[in-house]
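K.L.:
I have a structure I would like to understand better, so I am pasting it below and will then ask my questions one at a time.
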Amino acid sequence: MKDKFFWGKRNIPKEGAGKNQTAILILFALSLLFFILAKFLPSREGESVKDDMIRASEIMSETMGALRECLGEKGLILDKKVDLNQTGLIGLEFSPITTSIGSLEAKRTTTNPNFAGLVVFLLEEAKIKRGDKIAVGASSSFPALIVAVLSAAKAMSLKPLVISSLGASQWGANNPDFHWLCIQNCLLKAGIFDSQPIGLSLGGERDEGEDMNPEGRSFLIKKIRESGIFFLHEPDLRRNVEARMRLYEEKAGKNKIRAFINIGGSWSNMGEDSKVLKLKPGLVKIRKFPPVEKRGVLYEMAARKIPVIHLLYIKGLVGRYRLSWDPFPLPQPGQGEIYKLIREKQATFLFLAAVYFLLVILILVFRNKLE
């Protein structure tokens, strides 16, 4: 008798159970509706960004074919055990123009053509428009990232003002027979890009190549002077940064520089304050600034309210933006998780998400009034 009473008591519906079930059903229907809207509602803005991302990736992929041809003309053979995907953008372990250690896996990761798509994504996030001028501070330690930025600029019809160093870390553009100037000239000759850097430097320690082999340093000085491109050589950080800013402004003319892209860990661009190492890769928001005498170009641009895109810490970049680590074979342009980010960042999606969460909160708050 006691057992029957106990089980019967357990089966008595709790007060408000029907209301909770109604709320659950409404939430389920609402979630399904918003999922369908978010998945299939057309977004012109999103499609335009995706088109530019894919075009940039295709351009970057095209550069690799051109580089293979140039290497063949020079009688240089790609090491298939090192440059697994035969990109022409992986250098040597050691050479006279090597400045520091580097990660082979990280360098190979940046040869993914979809890195060019990532740069488009970041420039769009920074509100960069067609025809804008962007400043680029590049280390030849990451030649693939320089190619990615130039590919994105071409896809978006931007005008890049590039200052590049020629010394490079391991596996970068550190082959004396195929350094960054060779890569650049190859791509100019192939008609893929049409602009040279506005300035060159040695890079390395204090931007003077002090950590390079003396013969390698002399070799690069000769190549820079032969190129006719402006040679930046100033071991004082503040004066170095000022010279670079003047050069960017001079080449920008009446147009304002709309963004700055830092590629690699150049002393001139990063500066001497250790806090710079804590900056997240991608489009960075900088609120605290080091003393003026310790600032690199990156901080100087941010202090002038110019958006900064920071391309360093490759592991962090691929994790944050859903790219592949050291892929083999390389993904095809337009294929990858990064393209799903476009939808998530669009105004339509964000509006739908805001409405959805507002309705969910209202349903939960007023569920006791549901019949």
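K.L.:
Considering region 275-308 alone, what residues qualify as being among the hydrophobic types (A, V, I, L, M, F, W, C), free of Cβ contacts under 8 Å to residues at least 60 places away in the same chain, in contact with a strand residue (DSSP E or B) (Cβ under 8 Å, 6 or more places away or on another chain) and not in a loop (DSSP other than H, G, I, E, B)?
P.N.:
Of everything in region 275-308, those that are among the hydrophobic types (A, V, I, L, M, F, W, C), free of Cβ contacts under 8 Å to residues at least 60 places away in the same chain, in contact with a strand residue (DSSP E or B) (Cβ under 8 Å, 6 or more places away or on another chain) and not in a loop (DSSP other than H, G, I, E, B) turn out to be VAL284, ALA302, ALA303, VAL308.
K.L.:
Also: The conditions are (1) among the β-branched types (Val, Ile, Thr); (2) within 28 Å of GLY334 (Cβ to Cβ); (3) not in a loop (DSSP other than H, G, I, E, B), and ILE128 fails exactly one of them. Which is it?
P.N.:
Failed condition: (3).
Okay, residues lined up against (1) assigned to a helix (DSSP H, G or I); (2) in contact (Cβ under 8 Å) with a residue 40 or more places away in the chain:
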{"position": "LEU181", "(1), (2)": "yes, yes"}
{"position": "LEU188", "(1), (2)": "yes, no"}
{"position": "ASP211", "(1), (2)": "no, yes"}
{"position": "ARG225", "(1), (2)": "yes, no"}
{"position": "HIS233", "(1), (2)": "no, no"}
{"position": "ASN240", "(1), (2)": "yes, no"}
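K.L.:
Are any residues in region 221-240 touching a Gly at 6+ places or on another chain (Cβ under 6 Å) and of a type in the set (A, V, I, L, M), and if so, which ones?
P.N.:
If the condition is that a residue be touching a Gly at 6+ places or on another chain (Cβ under 6 Å) and of a type in the set (A, V, I, L, M), then LEU232 is the only one that fits.
K.L.:
Let me ask something additional. With the requirement that a residue be in a loop (DSSP other than H, G, I, E, B) and at negative phi, what does region 131-171 give you?
P.N.:
Residues satisfying the conditions are ASP132, SER140, SER141, PHE142, MET156, LEU158, LEU166, GLY167, SER169, GLN170.
K.L.:
Further, regarding this structure: Considering only residues of region 91-105 that are part of a loop (DSSP other than H, G, I, E, B) and out of contact with any helix residue (DSSP H, G or I) (no Cβ under 9 Å at 6 or more places or on another chain), which is nearest to LYS80 (Cα to Cα)?
P.N.:
Restricting to residues being part of a loop (DSSP other than H, G, I, E, B) and out of contact with any helix residue (DSSP H, G or I) (no Cβ under 9 Å at 6 or more places or on another chain), the top hit is LEU92.
K.L.:
While we're here: Of all residues in region 56-77, how many are at pLDDT 95 or above, assigned to a loop (DSSP other than H, G, I, E, B) and either in contact with a His (Cβ under 7 Å, 6 or more places away or on another chain) or among the aliphatic types (A, V, I, L, M) (or both)?
P.N.:
Count: 1.
K.L.:
Quick check on this structure: which one of TYR356, TYR321, TYR299 is over 19 Å from SER57 (Cβ atoms) and at pLDDT below 95?
P.N.:
TYR356
K.L.:
Residues that are in the same structural domain as GLN196 (by TED's automatic domain parsing), more than 16 Å from ILE263 (Cβ to Cβ) and touching a strand residue (DSSP E or B) at 6+ places or on another chain (Cβ under 7 Å): does region 112-123 have at least one?
P.N.:
No, the conditions are met nowhere in region 112-123.
K.L.:
While we're on this one: Just checking, which of GLU73, GLU93, GLU124 is in contact (Cβ under 8 Å) with a residue 40 or more places away in the chain and more than 18 Å from the chain's Cα centre (by Cα)?
P.N.:
After ruling out the rest, the residue left standing is GLU93.
The values are calculated or read from the model by the stated rules, or taken from the named source; none is laboratory data. Fair warning: this is a prediction, and the values are worked out from it, not measured in the lab. Positions of Cβ are backbone-derived with ideal geometry, glycine not excepted, and every protein chain shown enters the neighbour counts.
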